[in-house]
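The values are calculated or read from the model by the stated rules, or taken from the named source; none is laboratory data. Given the structure is predicted, the values throughout are model-derived calculations rather than measurements. Every residue, glycine among them, receives a Cβ derived from its backbone with ideal geometry; neighbour counts consider all protein chains shown. These area figures cover heavy atoms from the full protein model, side chains too; ligands, DNA and RNA do not enter into them. Shrake-Rupley method; radii C 1.70, N 1.55, O 1.52, S 1.80 Å.
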Amino acid sequence: MRTQVGIVGAGPAGLTLARLLRAEGIESVVLEARSRDYVEHRIRAGVLEQGTVDTLVGAGAGERLRREGIVHHGIGLQFGGERHRVPLSELTGGAAIVIYGQTEIVKDLIAIRLDAGDPLHFEVEDVAVHDVESDRPRITYVHEGRPQELECDLVAGCDGFHGVCREAIPAGVLTEFWREYPYGWLGVLAHAAPAHGEVVYCNTERGFALLSLRSPEVSRLYLQCRPDEDVGEWPDERIWEELEARVAVPGYTLNRGPIAEKGVTGMRSYVAEPMRHGRVFLAGDAAHVHSPVGGQGMNTGIGDAMNLGWKLAATVRGWARPGLLDTYEQERHPVGEMVLRMTDGAYKLVMARTRAGLALR
Ligand code: APR
């Protein structure tokens, strides 16, 4: 089999890239290890930056997002027992954030792709990328029990942190920077109407807490905890009591409701370089992992797809000027680094130490 761009991974980065390529008239095949049901229900980020909204709307994938997304013109920061509002739209000349779950973006993009009859294969196994330094890279995989080989002009590795595409970059070429934090987040999805109109980040002596939401009926709430915290030690009653203790301010009462899901996420930051080797390109979590604050992983992944899409299209068509593809790494790698620096003041130091060849942790 042949295609123009082979895309590994049907997360937000891979699906957005496939959509943008389609808009340019470029064929692609998307290969996903998990089932459709799994990727459509994997609870992840839900805060879209203005640039992400613009990308999805521009790609023709914004119809439901515009209808159901909840626009926030500000965020709350709570510290010293007081809540302060940061008026984002006022400060940025009109930009806003939109609350719309990653699951919903993934559902929208999958539906559009399958309705158009474009190839998207779920539950593929044993994916491996070969000959990335040649003109004809190949992806081998097993689908419905049959071994397959896909010859591509270019390969996009959008297969997340645990993916296989990064392995196509030889060990001597790939440099990895990472940092693990001594805390995690206990994330809760509750069927409770959010009493907070906007997202609120709370700094307290008991630890961090985040008030977020997914819809007018569903709250998304987080508590800082140990990275190896046993979620079994957190019955619903304890979660509500701890949230109330951390987010209390005069005049605010948290609404309680049935907890539909709870889980612990360890905090980690990671950047790989280069983001390209030969004809394979890394995008999204495959290239950089961010803490979940502000949905940075999703926003950065979709930003990667936006940057890469038209450049891959121009290359496949033979219109690209020499060096165009190099600009992907030049433009996107600093974004990955910048987001990390913003989330962790010590990151610069870690990077410098890594470059000097010292152990990271
Ligand atoms: N073969 C095929 N698919 C794979 C393989 C593989 N070997 N390994 C992983 N995948 C799939 C995963 O199952 C997943 O669906 O690749 C997809 C990668 O998607 P994400 O992990 O969602 O990564 P990305 O698209 O880069 O999205 C960026 O946003 O909310 C944040 O960190 C969160 O994942 C999120 C990120």
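Among the residues of the range 162-174, is any within 14 Å of the ligand (Cβ to nearest atom) and more than 21 Å from the chain's Cα centre (by Cα)?
Keep residues of the range 162-174 that are within 14 Å of the ligand (Cβ to nearest atom), which gives 162-168.
With more than 21 Å from the chain's Cα centre (by Cα) added as a condition, the list becomes 168.
Yes, the range 162-174 has at least one match.
Among the residues of the range 42-93, those that are open to solvent by 30 Å² or more (accessible area, probe 1.4 Å), of a type outside the set (D, E, K, R) and under 20 Å from the mean Cα position of the chain (by Cα) comprise Ile43, Gln50, Gly51, Val57, Gly58, Gly60, Ile70, Val71.
Starting from residues that are among the β-branched types (Val, Ile, Thr) and open to solvent by 30 Å² or more (accessible area, probe 1.4 Å), keep the ones in the range 261-290 and report whichever is nearest to Val316 (Cα to Cα). Quick ask: steps written out before the conclusion?
Just the residues of the range 261-290 that are among the β-branched types (Val, Ile, Thr), to begin with: 264-265, 271, 280, 289.
With the extra rule that they be open to solvent by 30 Å² or more (accessible area, probe 1.4 Å), the set shrinks to 264-265.
Working: Val264: 42, Thr265: 39 Å.
This residue is Thr265.
Across the range 240-251, the number of residues qualifying as open to solvent by 50 Å² or more (accessible area, probe 1.4 Å) and among the charged types (D, E, K, R) comes to 2.
Pairing each residue of the range 80-100 that is at positive phi with any residue that is open to solvent by 40 Å² or more (accessible area, probe 1.4 Å) and hydrophobic (A, V, I, L, M, F, W, C), provided the two are 6+ apart or on different chains, yields C-beta distances under 9 Å for Gly81/Ala248. Of all the numbered requirements in (1) under 30 Å from Glu337 (Cα atoms); (2) touching a residue at least 24 places away in the same chain (Cβ under 8 Å); (3) open to solvent by 10 Å² or more (accessible area, probe 1.4 Å); (4) touching a Leu at 6+ places or on another chain (Cβ under 7 Å), Leu254 misses one, and that requirement is (1). For Gly9, work out the one condition from (1) open to solvent by less than 20 Å² (accessible area, probe 1.4 Å); (2) more than 15 Å from the ligand (Cβ to nearest atom) it doesn't fulfil. The failed condition is (2). Taken over the range 301-326, the residue count meeting the criterion of being open to solvent by 10 Å² or more (accessible area, probe 1.4 Å) and farther than 21 Å from Cys152 by Cα is 1.
Say whether the condition of being in a loop (DSSP other than H, G, I, E, B), within 13 Å of the ligand (Cβ to nearest atom) and open to solvent by 10 Å² or more (accessible area, probe 1.4 Å) is met by at least one residue in the range 17-24. Steps first, answer last, please.
Residues of the range 17-24 in a loop (DSSP other than H, G, I, E, B): 24.
Now restrict to residues that are within 13 Å of the ligand (Cβ to nearest atom): none.
No, because not a single residue in the range 17-24 is in a loop (DSSP other than H, G, I, E, B), within 13 Å of the ligand (Cβ to nearest atom) and open to solvent by 10 Å² or more (accessible area, probe 1.4 Å).
Residues of the range 25-41 that are in a loop (DSSP other than H, G, I, E, B), loosely packed, with under 15 Cβ neighbours inside 10 Å and either away from the ligand (no atom under 12 Å from the Cβ) or not polar (S, T, N, Q) (or both): Gly25, His41. The set of residues in the range 94-111 that are closer than 12 Å to Arg64 by Cβ and either of a type outside the set (Val, Ile, Thr) or open to solvent by 30 Å² or more (accessible area, probe 1.4 Å) (or both) comprises Tyr100, Gly101, Glu104, Lys107, Asp108, Leu109, Ala111.
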